[in-house]
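Read through the structure below, which is laid out as structure tokens, and then see the notes.
The values are calculated or read from the model by the stated rules, or taken from the named source; none is laboratory data. Since the model is a prediction, treat every value here as computed from it, not as a measurement. No Cβ is skipped: glycine too gets one built from the backbone with ideal geometry, and neighbour counts run over all protein chains shown.
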Protein chains: 2
Amino acid sequence: MVEWDPYDRNCPTRKVLDRIGDRWTVLVVGTLAGGPLRFSELAARIDGISQKMLTQTLRGLEQDGLVTRTVTAAVPVRVDYELTTAGRSLQEPLKALEDWAKEHMASILDARDRFSVEAPR
Amino acid sequence: MVEWDPYDRNCPTRKVLDRIGDRWTVLVVGTLAGGPLRFSELAARIDGISQKMLTQTLRGLEQDGLVTRTVTAAVPVRVDYELTTAGRSLQEPLKALEDWAKEHMASILDARDRFSVEAPR
DNA sequence: TCACATGGGTTACTATAGGAGAGTTTCAGC
DNA sequence: GCTGAAACTCTCCTATAGTAACCCATGTGA
């Protein structure tokens, strides 16, 4: 395996980190964890995502081979998205992040409160 | 523990996900993993980061109680940054992400190449 | 004493990302 | 021929990320 180095500006891992660190990507992958869903179902479950961002995020994931896009010729057209094997393997690290976020929420909110009081910048 | 739900737009976990999913945050925390460093050392190791973004990222991490900022009155001033306990606990999920990125780089780059050929959008 | 170097930032500006919302396509059924 | 629903797609506009240049306090050598 080549030695990837995210600390180098030109290393492609930078782009991959951008993709998987993206807010919407985390949420889309997490939502698809339960099985395939269609566009409108994703939009409904991920509160606050715009159609544009959902389309963009899905295209990015599709491009990276992390989700598949299946069009069913019906009326109206039906489009399903599903995680690939690689996509499912991403669930684990993302879940770790999600769990960390949940676990440390309280202390972080606390720290934010204190910070605004002190902060003798 | 309260039930946090990142899929709700108003849940504060959203903000936390934004912070820890941030490209620079991942790299700064990863760089600080080896022990405390001063501002200029961080800037040198994280290729491509600007002073402004480094300052901003560090302020954010400090605000969330993930790093400490220590000013030593010397000439010129010396400022050290170090991970807190909470900050160190973040290393693990971030490392998982980094590892995932390294492991799947090849197949992702491959998928990207194929995508531009097909893609009968 | 005065220009210069050094570390750790700000400031001012520009480029890109993202949001709101209207418009588009496709095709069965009325 | 018109309607309606799903899944986009486009336009406009604001907010955030990013870049480059400047600032400030202090010690040093000429």
query: Cβ-Cβ below 7 Å, separation at least six or inter-chain, first residue in the range B:38-54 and more than 20 Å from A:K15 (Cα to Cα), second in a loop (DSSP other than H, G, I, E, B) and more than 7 Å from DNA strand D (Cβ to nearest atom): which pairs?
result: none
message: Among the residues of the range B:8-29, what is the count of those that are more than 16 Å from DNA strand D (Cβ to nearest atom) and at pLDDT 90 or above?
response: 0
Selection from the range A:31-67 of residues that are among the hydroxyl-bearing types (S, T, Y) and more than 15 Å from the chain's Cα centre (by Cα): A:S40
message: Looking at A:D64, A:D8, can you tell me which residue is touching a residue at least 40 places away in the same chain (Cβ under 8 Å), of a type outside the set (S, T, N, Q) and out of contact with any strand residue (DSSP E or B) (no Cβ under 9 Å at 6 or more places or on another chain)?
response: A:D64
- prompt: Only one of these conditions is not met by B:T85: (1) farther than 30 Å from A:V67 by Cβ; (2) in contact with a helix residue (DSSP H, G or I) (Cβ under 7 Å, 6 or more places away or on another chain). Which number is it?
  reply: (2)
query: Residues of the range B:71-119 being closer than 25 Å to B:L61 by Cα, within 16 Å of DNA strand D (Cβ to nearest atom), surrounded by fewer than 13 Cβ atoms within 10 Å (Cβ to Cβ) and not hydrophobic (A, V, I, L, M, F, W, C), which ones?
result: B:T72, B:P76
- request: Kindly establish whether A:G21 is of a type in the set (G, A, S) and surrounded by fewer than 18 Cβ atoms within 10 Å (Cβ to Cβ).
  value: no
message: Step by step: first the residues of the range B:46-82, then only those that are within 12 Å of DNA strand C (Cβ to nearest atom), among the charged types (D, E, K, R) and in contact with a helix residue (DSSP H, G or I) (Cβ under 8 Å, 6 or more places away or on another chain), then the one that is nearest to the other protein chains (Cβ to nearest Cβ). Which residue is that?
response: B:E62
message: Just to be sure before I move on: is A:E92 in contact with a Lys or Arg (Cβ under 6 Å, 6 or more places away or on another chain) and either aromatic (F, W, Y) or within 8 Å of another protein chain (Cβ to nearest Cβ) (or both) in the structure I sent?
response: no
- line: Scanning the range B:24-37 for residues that are touching a residue at least 24 places away in the same chain (Cβ under 8 Å) and either surrounded by fewer than 17 Cβ atoms within 10 Å (Cβ to Cβ) or of a type in the set (K, R) (or both), the one nearest to the other protein chains (Cβ to nearest Cβ) turns out to be B:A33
